[in-house]
Each structure stands twice: as structure tokens, then as C-alpha cells.
Amino acid sequence: MSDFILNSLFPQIKNWLEEDDLVRNFHYVKNLNSSEVKLYLKIKSPLVLAGADYFVATFAALGADPSHFDFIRHWDGKTFQAGEVIEFPEAVPFNVAVTGERLALNLLQHASSIATWTQKHVEKASLKKIKLLDTRKTTPGLRSLEKYAVRVGGGFNHRLGQTDSWMIKDNHKSSLGGLEGALKFFHDQGVFYNNIIAEIHDIEELKKAQDLGLTHLMLDNFSPDKISEAIKLKKNGVSFEVSGGVNLENLERYLIDGVDAISMGSLIYSAPRVDISLKFKSV
């Protein structure tokens, strides 16, 4: 039976496998034997597992039976401690295992790093029930994996792409006639369901945005004191997102009643690398 999830990942997996350029060395590929090996995933640092489907899709794209990996596909979000070893119950051909090993492990480590890092932030923010969002500061080609990993870690996605919601940024204001001109530009796009988010940089701009009827406002690089001041002006039906300068060390200072969400690009680009290795044993 076709597996929709794995099939949807195969085009990306194929492109990534081509980076290893095996097609140029057919002799090497031809001479890899297909004897069966058991796989052992060694957890070498505490982590929240993420990216299991990408891990499985790598081996499935090379011809492995995906049913042999089904158990791990249910483990996204599961916590592991350093020293744990995951033995795969079914053997796979050595040529498949050795060809897919590095890519599968890279994807699993990258996603698990982001999920683990995100969870550390979410644990703090949950005290005030403030949602933590990622941004579009992602690695080209890896956005879907990275944003998925944020969700596994308990965070939320901002926009997957520029047109999911319209965002009025400084560069829009400077080129489209200020806040009012940029708002008109996005209204004129004729997209009925898109929300409009506006970056706000001071209290006067906040007042103007609310007078214009904008309801999703990003308080960009506001200090905690300025955020508290802004919240006193917050109208019913308006959501406040805080962004800029927030990190794990100072996060608690921004957990202010009235803030709905905090967006942090560092959930992705600053995630410390978790340590996982993949070993084989001949059957």
C-alpha cells in the first residue's frame, strides 16, 4: 500500500541524496553488498526526538521496506536520555543502510535539535500561556523540516511562506507610502482570507495601527517596560506578538500578561546540536 507521507517526502530526499554524487561512481555502488544488518540508534545527549518520518523516508527511497521502521515513526516528541540505545527490530540491506545513513541521521539530528531547544523555551512560556512562534529565518531547503520540529517541541509556526498572511514590515512602509499605504496595498491584493500583521516600532505607531483597524500587531524590539505601556492601550480583539531581542536567558522578562505570542528566529537558528549516532551489526 502506498504511504502518502513518505511519498510526499521523496522528491526532497532524492535531491539531498544526489549531494552524495553516487551516480559518478557506479563501480562503488555496484559492489556494495546487500547482506542484512541490524541498526542501532545511540542517543548520546538528552533530546526530544523529531524528524522520524524524514529518517524513514531516506531508507525507503533507497528501497528499504518502510514497515521495518514503523515503530520509530510514532516517537516524534518522545524524550530520550543520554546512553539509551534503540535497536531496530528488522534487518535492512547493508547497501541501503550505508548509503542512507548520513542523510537520515543528519535530518533526525537537525530536527531533534530544534525540537529539544524549542521545548526548553516552551516550558518557561507555558507559565503565562503565551505561545512561542518561529519565524522565516530558516535554512533554505529545510523550512518544512525545521518548522515541523518547532511544533514537535511544543511551539507554533508563524508563516510557512510570505503569502500565508500579509505582514507589513519596515521595507513595505518605506516603499508603499507608510503604514496606510502598505495596508491599502495588501487590501488590494484581493485575498479574502489572509490576515494582515503589522510590525510596530513605537507607541504612536501602535495607536495609529489600532485606529486603522489592524488587529494583529507585532511589537518589534519593544523593551519589557514599553510592552507593559503598550498593553494598557490594547483594544478588544487585538492580538499582540512580541519579537526581537528575546532569548532563553531573558524570556521570563517578556512573559507579560496581555502578550499573546512571542516570535523567535533563534528557536531554529540557535538550537544546540544534539548527539545521535547510527551503528550497524551484521546479522
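Values computed for the structure shown
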read-out	value
Where trypsin sites (Lys or Arg not before Pro) fall in DSSP loop in region 185-283, at most 14 other Cβ within 10 Å	Lys232, Lys235, Arg273
Region 124-269 - convex hull of alpha carbons, volume per residue in Å³	119 Å³
Within the chain, helix-based [θ] at 222 nm, where runs of 4 or more DSSP H residues each add -39,500 (n - 2.57), nearest 500	-12000 deg cm²/dmol
Coil-residue GluC sites (Glu not before Pro) of region 1-39, DSSP, other Cβ within 10 Å capped at 11	Glu19
Estimated dipole of region 139-283 in Debye, rounded to 20 [Cβ of Lys and Arg +1, of Asp and Glu -1, Cα centre]	640 debye
Antiparallel %, DSSP beta bridges [both residues in the chain], to 5	40 percent
Per-residue ³J(HN,Hα) for region 204-216, Karplus 6.51 cos²θ - 1.76 cosθ + 1.60, θ = phi - 60°, Hz, x for Gly and Pro	5, 5, 4, 4, 5, 4, 5, 5, 7, x, 5, 10, 10
Phi-based couplings in Hz for region 188-200 (Karplus 6.51, -1.76, 1.60; Gly and Pro marked x)	6, 5, x, 9, 5, 9, 6, 6, 10, 10, 10, 6, 10
Computed magnitude of the charge dipole of the chain (debye, nearest 20; Cβ of K, R +1, Cβ of D, E -1)	220 debye
Which listed pairs, of Lys120/Lys234; Lys131/Lys232; Lys129/Lys173; Lys44/Lys281, have C-alpha distances above 25 Å, in listed order	Lys120/Lys234; Lys129/Lys173
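Here, each number is a calculation from the coordinates, and none is a lab measurement. Note that the structure is predicted; figures quoted are calculated from it, not measured. Reconstructed Cβ throughout: ideal geometry from the backbone, glycine too, with neighbour counts over all protein chains shown.
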